[in-house]
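Engineer: Quick one: structure below, then a few questions.
The values are calculated or read from the model by the stated rules, or taken from the named source; none is laboratory data. For clarity, every value in this text was computed on a predicted model and none was experimentally measured. FYI the Cβ positions are ideal-geometry reconstructions off the backbone, even for glycines, and counts take in every protein chain you see.
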Amino acid sequence: MVSIYQLSIFLVFAGLASAVPHSKLQKRDALPDYAITYAPLSYLYSGEKWFPSDIKTHLENVQPEVNYVASGGSGSVTLDTLSTYASDVYLTASDGPILNPLNSTPAWALSDYGIPDSTGLSTAPGTIIAVEKNSTTTDVFYFYFYSYNYGGTVLGVNTDDHVGDWEHVMIRFVNGEPYAIYCSEHSAGSAYYWDVVTFDGDRPITYVAYGGHANYVTAGSQEYTIALGLITDHTDAGYLWDMTLNYRGYWYDVDTAEFSVASGAGIGASEEADETATWLSWEGQWGDEQYPDDVLDDLETGQWCISTECHYTSGPTGPVAKNLERTTVCENDDSCTIFDNINDLTSQS
Ligand SMILES: *[C@@H]1O[C@H](CO)[C@@H](O)[C@H](O)[C@H]1NC(C)=O
């Protein structure tokens with residue numbers, strides 16, 4: 001027989017439990033099942049040369065530099081020390097200006113080790129970050145990392161090559177059901193209602209463009225303009241990459257701006273087990289700083305610029321700088337259209 005006293009104790013504890021913020025309870029929890037069930041299946045281009053890379057391997061081949069001056073040797077930065085570095089640090093290739101066309105691109109930058117096998121497994125772990133926006137809406141970010149970005153050519157001129165390349169696809173879930181998908185594409189990205197994209201079973205198909213690794217929901221030619229003119233991205237069903245087979249998983253708490261480790265899979269899971277999530281808070285750049293454009297340096301680095309477009313540009317910032325807090329489904333909250341036709345693309349600048 002339960003006394004009134006016991007019952008009231010029970011009610012007090014039940015009340016306390018439900019008062020604990022949901023997001024706190026989820027720290028260190030596994031990613032939600034729907035993050036994996038509906039994860040994108042991505043196709044790298046059949047002629048791709050710069051493959052998915054493990055961030056751990058990337059760090060082993062760079063050194064921290066500020067204003068082109070090294071402050072530590074090759075491989076001195078690890079995932080667990082990264083957040084102790086200032087945001088003006090560039091993780092610079094320790095082989096020297098590897099972008100110099102006179103040098104051959106080193107193996108770690110080409111990352112052939114990351115070429116997916118016939119099952120879609122790449123030995124380079126992806127990074128999956130779940131962000132709970134409120135009790136109904138959770139955004140799951142699928143981050144793709146490449147040690148090298150080849151910018152392609154416009155009017156026969158190669159621009160925008162850089163070390164390090166962070167790209168992402170985001171799926172917004174409402175009450176555990178996929179609602180829309182966003183693909184990062186150069187300076188912008190395109191969003192689509194869930195039902196309109198192409199699927200393999202439950203999973204949406206995305207395509208990764210040659211060299212620059214922009215993400216699209218269709219195969220073929222994708223055109224956008226930069227200052228010099230029209231650039232065409234190329235996508236096709238070349239190499240299937242199924243990130244769910246190998247990834248590091250995390251939660252990001254919008255209120256505290258903190259990352260925590262969730263579950264992973266494959267090599268990503270075993271590497272993640274020995275790591276913290278602090279590297280995700282680092283706001284610096286994952287590649288070389290844009291080489292200066294002057295005659296003497298150009299001989300060494302191969303840099304040149306036409307108008308605002310340069311052969312070599314700076315490495316990118318990481319996931320923390322990709323507006324994980326977004327309220328719309330787009331990285332740019334000020335201009336976000338969710339398309340209901342997969343052939344629509346957001347214009348680039
Ligand atoms: C939850 O967050 C999303 C994204 O910011 C927003 O669109 C939605 O209205 C919010 N829902 C509630 C119930 O607050």
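Engineer: In the stretch 183-279, which strands (runs of 3 or more DSSP E) lie fully inside it and hold 2 or more residues that are without any contact (Cβ under 8 Å) to a residue 24 or more places away in the chain? So that I can check it myself, show each step before the final result.
Structural biologist: Values: elements: 188-193, 203-208, 220-226, 229-235, 239-241, 247-253, 258-261.
Where strands (runs of 3 or more DSSP E) fall fully within the stretch 183-279 and carry at least 2 residues being without any contact (Cβ under 8 Å) to a residue 24 or more places away in the chain, they are 220-226.
One line per residue, one yes/no per condition, for (1) of a type in the set (F, W, Y); (2) touching a residue at least 12 places away in the same chain (Cβ under 8 Å); (3) closer than 17 Å to I171 by Cβ:
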| residue | (1), (2), (3) |
| --- | --- |
| Y291 | yes, yes, no |
| D294 | no, no, no |
| Q303 | no, yes, no |
| T308 | no, yes, no |
| S314 | no, yes, no |
| T317 | no, yes, no |
| I342 | no, yes, yes |
| L345 | no, yes, no |
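Engineer: Residues in the stretch 147-157: is at least one part of a strand (DSSP E or B) and under 16 Å from S42 (Cα atoms)? Break it down into steps so the answer makes sense when it comes.
Structural biologist: Initially, the stretch 147-157 is screened for residues part of a strand (DSSP E or B), giving 147-149, 153-154, 157.
Narrowing further to those that are under 16 Å from S42 (Cα atoms): none.
Scanning the stretch 147-157 turns up no residue that is part of a strand (DSSP E or B) and under 16 Å from S42 (Cα atoms).
Engineer: If you take the residues in the stretch 304-329 that are within 11 Å of the chain's Cα centre (by Cα) and not aliphatic (A, V, I, L, M), which one is surrounded by the most Cβ atoms within 10 Å (Cβ to Cβ)?
Structural biologist: That would be G318.
Engineer: Among the residues of the stretch 84-106, is any of a type in the set (F, W, Y) and modelled with pLDDT under 95? Give the derivation first.
Structural biologist: Initial filter on the stretch 84-106 (of a type in the set (F, W, Y)): 85, 90.
Those left that are additionally modelled with pLDDT under 95: none.
No, the conditions are met nowhere in the stretch 84-106.
Here's the yes/no breakdown for (1) surrounded by fewer than 23 Cβ atoms within 10 Å (Cβ to Cβ); (2) more than 16 Å from the ligand (Cβ to nearest atom):
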| site | (1), (2) |
| --- | --- |
| S147 | no, yes |
| G151 | yes, yes |
| V154 | yes, yes |
| V157 | yes, yes |
| D160 | yes, yes |
| G164 | no, yes |
| H168 | yes, yes |
| F173 | yes, no |
| G176 | yes, no |
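Engineer: Out of the residues in the stretch 100-140 meeting the condition of being acidic (D, E) and within 16 Å of the ligand (Cβ to nearest atom), tell me which one is surrounded by the fewest Cβ atoms within 10 Å (Cβ to Cβ). Show your work before the answer.
Structural biologist: First, the residues of the stretch 100-140 that are acidic (D, E): 112, 117, 132, 139.
Those still in the list that are within 16 Å of the ligand (Cβ to nearest atom) too: 132, 139.
Values: E132: 21, D139: 23.
Taking the candidates together, the pick is E132.
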